[in-house]
Amino acid sequence: MDPPSRTLGVAFSDDRNVSHAAGAVVRVDGTPDGFAFATCTVGGTDATDAVIDCWRALDREDVRHVACAGVAPAWFNLLDLDRLREALDRPVYAVSYEASPGLEPALRDAFDGDALADRLDTYRSLPPRIRVDPPESGDPRFVRAVGVDPEDAAAAVRGLTRDGERRCEPLRIAALAASAHREAATGE
């Protein structure tokens, strides 16, 4: 599968209580083509809403895929990929960079009661991660995909990653924008 013509990459950058989300529309050649920003609560349950807010602010029908930097931004403010797929009507995938036994033990350490139950429900609804080996040597990435075959999502991530980079361009640019947004908001 060829990479999509335009991908919305979404990344987060946290300060004390607020996480700053940035959505970056990036063309297949790596050129940024639009930005939107939103916030969510560190440790909250509103990260999915922040992604939807970025999507709505951009109002870009030409975006073909949505890539998110992981599934647990803002200190376990879990993304609901099925809800994103439904709300955005686009394939959605989350990319992570570390092998992991899963988040359930960390969630159990950090939360209890309804807060834990809600997060476990969201976490357990996520599709499995598949390993994405880079075309050249380098560290693997991991992808969870909804609305697209996981192998096609993996191919899109590989196609959107420049030589020598670990992150695909939509997520690299979104992470830079999220950090700049946080710095502008907090003065740090």
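The values are calculated or read from the model by the stated rules, or taken from the named source; none is laboratory data. Remember, it's a predicted structure, so these values are computed and weren't measured experimentally. All Cβ positions, even for glycine, are placed from backbone atoms using ideal geometry, and neighbour counts span all protein chains on display. Ligands, DNA and RNA are excluded from the accessible area calculation, which covers all protein heavy atoms including side chains. Shrake-Rupley method; radii C 1.70, N 1.55, O 1.52, S 1.80 Å.
Taking the Kirkwood radius as Rh and the Cα radius of gyration as Rg, the stretch 40-108 has a ratio of Rg/Rh equal to 0.99. The HN-Hα couplings worked out from phi for the stretch 60-67 by the Karplus form 6.51 cos²θ - 1.76 cosθ + 1.60 (θ = phi - 60°) are 10, 5, 7, 6, 9, 9, 10, 10 Hz, whole numbers, x standing for Gly and Pro. Under the simplified labelling scheme, the L116-D62 pair shows an inter-label distance of 4.9 nm, with each label point 7 Å from Cα along Cα→Cβ.
In this simple spin-label approximation, A106 and R124 carry label points 7 Å from Cα along the Cα→Cβ vector, and these lie 2.0 nm apart.
Based on protein heavy atoms only, the chain ends up with 47 Å² per residue of surface accessible to a 1.4 Å probe. Hydropathy first: keep DSSP H helices in the chain averaging at least 0.0 on Kyte-Doolittle, then drop any whose Cα extent along the axis falls short of 15 Å, and list what survives. Qualifying helices: 47-58, 169-186. For the stretch 1-95, the convex hull spanned by the alpha carbon atoms encloses 83 Å³ per residue.
Using the Cβ-Cβ distance between A184 and D149 with R0 = 30 Å, the FRET efficiency computed as 1/(1 + (r/R0)^6) comes to roughly 0.20.
Couplings 3J(HN,Hα) for the stretch 29-35, derived from phi with the Karplus relation 6.51 cos²θ - 1.76 cosθ + 1.60 (θ = phi - 60°), are 7, x, 7, x, 9, x, 9 Hz, where x marks Gly and Pro. Two numbers describe the Cα atoms of the stretch 4-182: Rg and Dmax, which are 15.1, 46 Å.
Backbone amide hydrogens, once placed in the peptide plane, bring V42 within less than 5 Å of V18, S19, excluding anything fewer than 5 places away on its chain. When only Cα pairs below 8 angstrom with a gap of at least 6 residues are kept, the chain shows a relative contact order of 27 percent. Taking the 1.4 Å solvent-accessible surface of the stretch 4-182 as the whole, the part contributed by carbon and sulfur is 45%. Ordering V18, T186, S100 by Cα displacement along the dipole of the chain toward the positive end leaves S100 in first place; charges were set at the Cβ atoms of Lys, Arg (+1) and Asp, Glu (-1). Charging the Cβ of each Asp and Glu at -1 and of each Lys and Arg at +1, and nothing else, the dipole of the chain about its Cα centre rounds to 220 debye.
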